[in-house]
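Below: the structure, in structure tokens.
The values are calculated or read from the model by the stated rules, or taken from the named source; none is laboratory data. This is a predicted model, so every value here is computed, not measured. Cβ coordinates were reconstructed from backbone atoms using ideal geometry, including for glycine residues, and neighbour counts include every protein chain displayed.
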Amino acid sequence: MYRLLYPLRTYLIVSGIGDEVNIMAADWVTVLSFRPEIVGVAISPRRYTHKLITKYGEFVIGVPSVNMLKDVWIAGTESGPQKLGKMNITLTPSKTVRVPSIKEALANIECKVVDARDYGDHTFFVGKITGYTYDLQVFKNNEPVPGAGFLAHIARNKFITFKDEIISV
Ligand SMILES: Cc1cc2nc3c(=O)[nH]c(=O)nc-3n(C[C@H](O)[C@H](O)[C@H](O)COP(=O)(O)O)c2cc1C
């Protein structure tokens, strides 16, 4: 029962270029390799995003903050690029891919697709990280600042964020 893996962090997947740029919410994002840096995201073929990632072979993973929750919800409940008109998001050029990044995001990870494989009702897109940008106030010495407003998903329209507290062992 995959729900037992929750809460999971929620991300914004940017795909497409020019007028076709689209953004969807995604929980099913994971790291696959440290060197080279490879990540993966499971996306249903029913998503417009699936079509755009397949077409351009690139995507960007935006890390939203809790302040962006309304936009995350629009990204996760509406389909197609016209939803961007309802969102308070500024697109900004990425460094290594044609797909843009999200200015308001805490970080943006630029990926080029190296593999795509269907598992059940989702496609697992595997992406090599080719570039990234991040907020220096949110990631210090390669570590996230816990109180920066990272967003995680509980279920349906319920989300949580982290306390500004680190527990060390
Ligand atoms: C919090 C949240 C997380 C989601 N995670 C995923 C996911 O990991 N994979 C997926 O295929 N859809 C996921 N969805 C559903 C898509 O975001 C949703 O169907 C969206 O409208 C697709 O947009 P598009 O058709 O413009 O690509 C999620 C939705 C929400 C609200």
*Evaluation of residue 42 against (1) within 7 Å of the ligand (Cβ to nearest atom); (2) under 29 Å from residue 164 (Cβ atoms); (3) among the hydrophobic types (A, V, I, L, M, F, W, C) (one fails), failing number*: (2)
*asked:* modelled with pLDDT of 95 or more, surrounded by 18 or more Cβ atoms within 10 Å (Cβ to Cβ), under 20 Å from residue 16 (Cα atoms) and among the charged types (D, E, K, R): is that true of residue 117 in this structure?
replied: no
*Of the residues 8, 91, which single one is within 21 Å of residue 144 (Cα to Cα) and either at pLDDT 95 or above or within 11 Å of the ligand (Cβ to nearest atom) (or both)?*
8
*Before we move on, is residue 96 within 20 Å of residue 139 (Cβ to Cβ) and free of Cβ contacts under 8 Å to residues at least 24 places away in the same chain?*
no
_Scope the range 119-143; condition away from the ligand (no atom under 16 Å from the Cβ) and under 25 Å from residue 15 (Cβ atoms); matching residues_ = 128, 129, 130, 131, 132, 133, 134, 135, 138, 139
*May I ask you to list pairs of residues, at least six apart or on different chains, whose Cβ atoms are under 7 Å apart, with the first in the range 14-31 being more than 10 Å from residue 52 (Cα to Cα) and the second being among the hydroxyl-bearing types (Ser, Thr, Tyr)?*
24/49; 25/10; 26/11; 27/10; 29/11
*asked:* Step by step: first the residues of the range 94-105, then only those that are part of a loop (DSSP other than H, G, I, E, B) and more than 16 Å from the ligand (Cβ to nearest atom), then the one that is nearest to residue 149 (Cα to Cα). Which residue is that?
replied: 104
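Quick grid of which residues meet (1) surrounded by 15 or more Cβ atoms within 10 Å (Cβ to Cβ); (2) away from the ligand (no atom under 14 Å from the Cβ); (3) β-branched (Val, Ile, Thr):
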position	(1), (2), (3)
14	yes, no, yes
34	no, yes, no
46	no, no, no
56	yes, no, no
71	yes, no, no
81	yes, no, no
